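Asker: After the structure tokens below, expect a handful of questions from me.
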Amino acid sequence: MAALKVIFKNNYDKKVNKNFYRYYMLRNSFIMYFITIFGIVALFMLVTGFFQDDEDSSTNFLMWLIAIIGIIFVPFYTFTNIHTSANRDYKARKDSIEQVELSKEKILRHELTTNEKMVINWVNIQKVIEVKDAFYFFITDTDAFTIAKSGLIQGTLEELRILLETYLKKDKKGRSPYKIKDRETLKAIKNARKGK
């Protein structure tokens, strides 16, 4: 285990970054889902005639407004925000090349175009999410970085998974904060481990 080192070298990947924003915003948008569900309920009540005996037209207007905001405006705003955030990052980082070295001791992020380096201790990683094409490393709930799988230049993805399962800080119940959120990847890992 001491010699284990996994290295990725990636040009900025707009698709991976956009997928990250989609994952992050759609999984952490409680308010969006709440307002959308409220909008669906409002529309259902209007269609079924729940307010047909109500002579106050302002109630109907308010319910239509809630339905439109919940069903159309809020999802549109969320997806527009995902697209805008990805484009903003692309403009700022489109020519960047980042190398990430992961070992038992630390995680070293090296921005090769600016020669900036950042050392991160495993204990500072809150959680890691693996998806089909990348790993999302969350330092806090709102601060994260991505590593595209396509940039692997040393080691294997399985060795990285071993590092994650071994060195990420466990919770009080001894559970690792590393999760796989892609069914195909999860199935492939299980089959590979069974075959050993």
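The values are calculated or read from the model by the stated rules, or taken from the named source; none is laboratory data. Since the model is a prediction, treat every value here as computed from it, not as a measurement. Note that each Cβ is placed from the backbone with ideal geometry, even for glycine, and that neighbours are counted across all protein chains shown. Ligands, DNA and RNA are stripped out before the accessible areas are found, and what is left, the full protein with its side chains, is counted by its heavy atoms. Shrake-Rupley method; radii C 1.70, N 1.55, O 1.52, S 1.80 Å.
Asker: Please state which of the following conditions Lys117 fails to meet, knowing it meets all the rest: (1) more than 21 Å from Val16 (Cβ to Cβ); (2) crowded, with 16+ Cβ neighbours inside 10 Å; (3) in contact with a strand residue (DSSP E or B) (Cβ under 7 Å, 6 or more places away or on another chain).
Answerer: Result: Lys117 fails condition (2) only.
Asker: Something else now. Which members of the range 17-30 meet the condition of being touching a residue at least 24 places away in the same chain (Cβ under 8 Å) and either open to solvent by 100 Å² or more (accessible area, probe 1.4 Å) or under 10 Å from the mean Cα position of the chain (by Cα) (or both)?
Answerer: Across the range 17-30, the qualifying residues are Asn17, Lys18, Asn19, Phe20, Tyr21, Arg22, Tyr23, Tyr24, Met25, Leu26, Asn28.
Asker: Looking at Asp95, Asp89, can you tell me which residue is part of a loop (DSSP other than H, G, I, E, B) and modelled with pLDDT under 90?
Answerer: Going through Asp95, Asp89 in turn, just one is part of a loop (DSSP other than H, G, I, E, B) and modelled with pLDDT under 90: Asp95.
Asker: Something else about it: Under the condition of being surrounded by fewer than 17 Cβ atoms within 10 Å (Cβ to Cβ) and either in contact with an Asp or Glu (Cβ under 6 Å, 6 or more places away or on another chain) or without any contact (Cβ under 8 Å) to a residue 40 or more places away in the chain (or both), which residue from the range 97-109 is nearest to Tyr23 (Cα to Cα)?
Answerer: Here the residue is Leu108.
Asker: Does Ile69 satisfy the condition of being free of Cβ contacts under 8 Å to residues at least 40 places away in the same chain, open to solvent by 40 Å² or more (accessible area, probe 1.4 Å), part of a helix (DSSP H, G or I) and closer than 30 Å to Asp182 by Cβ?
Answerer: no
Asker: Within the range 128-175, which strands (runs of 3 or more DSSP E) (wholly inside it) include 3 or more residues that are surrounded by 15 or more Cβ atoms within 10 Å (Cβ to Cβ)?
Answerer: Working: elements: 134-138, 144-148, 152-154.
It comes to 134-138, 144-148.
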